[in-house]
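Written out below as structure tokens is the structure these notes cover.
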Amino acid sequence: MAGSLEGKVVLVTGGGSGIGRATSLLLAKQGAKVMIADYALEGAEKTVAMIKETGGAASCLAADISVTKQVEMVVAKTVETYGCINGAFNNAGIEGKMGTDSATASEENFDRTIAINLKGVWLCMKYEIPQMLKQGGGAIVNTASVAGLIGIEGSAAYNASKHGVIGLTKTAALEYAQKNIRVNCVCPGAIQTPMTARIIDSGQMNEDDVRAFEPVGRWGQPSEIGEGVVWLLSDASSFVTGHSMVIDGGWVAR
């Protein structure tokens, strides 16, 4: 699949760390020009530096994807910088506060989690799709989760947001199936990222318990999700749309 995205422009949200960073590096390795948007600009700048160290092309900017004007700016800036948007990886998300039952979780946490994880994905597509229509097509991958396929106690807001991402993905895929725009999502299992490290450090998750629960007996790596994203954004997956790609070490097969 070497060079599978040569000359393509891909927008990545949440590219400053974890899955977003690993995927950005893989996209650049396959020849894509990458625009990275992240709430934490320092992390995005680090990702850009890593890409440029290997001879790739990348730029970045700070943005909160739950804010309409900022998403609009990200899309406009990507087009201004690189001329188009051939692909988008709508990956930015938060874990929110976990470990509380549905009836005791705070409204503030629910609203913030939904605003970023679900509304943010919708806003990104809202502005990416018109640009892709102007160009004659494109490919979008959203980040859902195994938590979008099954219930996990103590994470009502997160679960609801990720179930919603899958619904948004399927709907948009059908709406633009005959307009040369493919829309898919990835559903990661337990992946070693700064997000999961925060959850472990807070005591909301036990690292050894999660490892033991994974049928493959280990945590996944961000690049293992990135490989799936690269394939979904490439022409190699030209007949794939509306798909929720589970990359979870067998978690939901139980």
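Some points to look at:
- Search result, residues across the range 136-178 that are closer than 21 Å to residue 226 by Cα, among the polar types (S, T, N, Q) and not in a helix (DSSP H, G or I): 142, 143, 145
- Residue check for residue 244: at pLDDT 95 or above, over 11 Å from residue 186 (Cα atoms) and either surrounded by 19 or more Cβ atoms within 10 Å (Cβ to Cβ) or of a type in the set (Ser, Thr, Tyr) (or both): no
- Leading residue by the ranking (modelled with the lowest pLDDT) among those in the range 145-192 that are in contact with a Pro (Cβ under 8 Å, 6 or more places away or on another chain) and closer than 27 Å to residue 108 by Cβ: 191
- Flag if residue 158 is of a type outside the set (Lys, Arg) and free of Cβ contacts under 8 Å to residues at least 60 places away in the same chain: no
- Condition met for residue 113 (out of contact with any Phe, Trp or Tyr (no Cβ under 9 Å at 6 or more places or on another chain) and among the polar types (S, T, N, Q)): no
- Enumeration of residues in the range 77-106 that are more than 22 Å from residue 61 (Cβ to Cβ) and either touching a strand residue (DSSP E or B) at 6+ places or on another chain (Cβ under 7 Å) or modelled with pLDDT of 95 or more (or both): none
- Residue match in the range 84-91 (condition: part of a helix (DSSP H, G or I), surrounded by 18 or more Cβ atoms within 10 Å (Cβ to Cβ) and more than 15 Å from the chain's Cα centre (by Cα)): no
- So residue 96, is it buried (at least 17 other Cβ atoms within 10 Å of the Cβ) and touching a residue at least 40 places away in the same chain (Cβ under 8 Å): yes
- Against the test of being surrounded by 18 or more Cβ atoms within 10 Å (Cβ to Cβ) and either of a type outside the set (Phe, Trp, Tyr) or in a helix (DSSP H, G or I) (or both), the options 49, 28, 103 yield a single qualifying residue, 28.
The values are calculated or read from the model by the stated rules, or taken from the named source; none is laboratory data. Predicted model, so just to flag it, every value in this text is computed and none were measured. For neighbour counting, all protein chains shown are included, and Cβ atoms are generated from backbone atoms with ideal geometry for every residue, glycine included.
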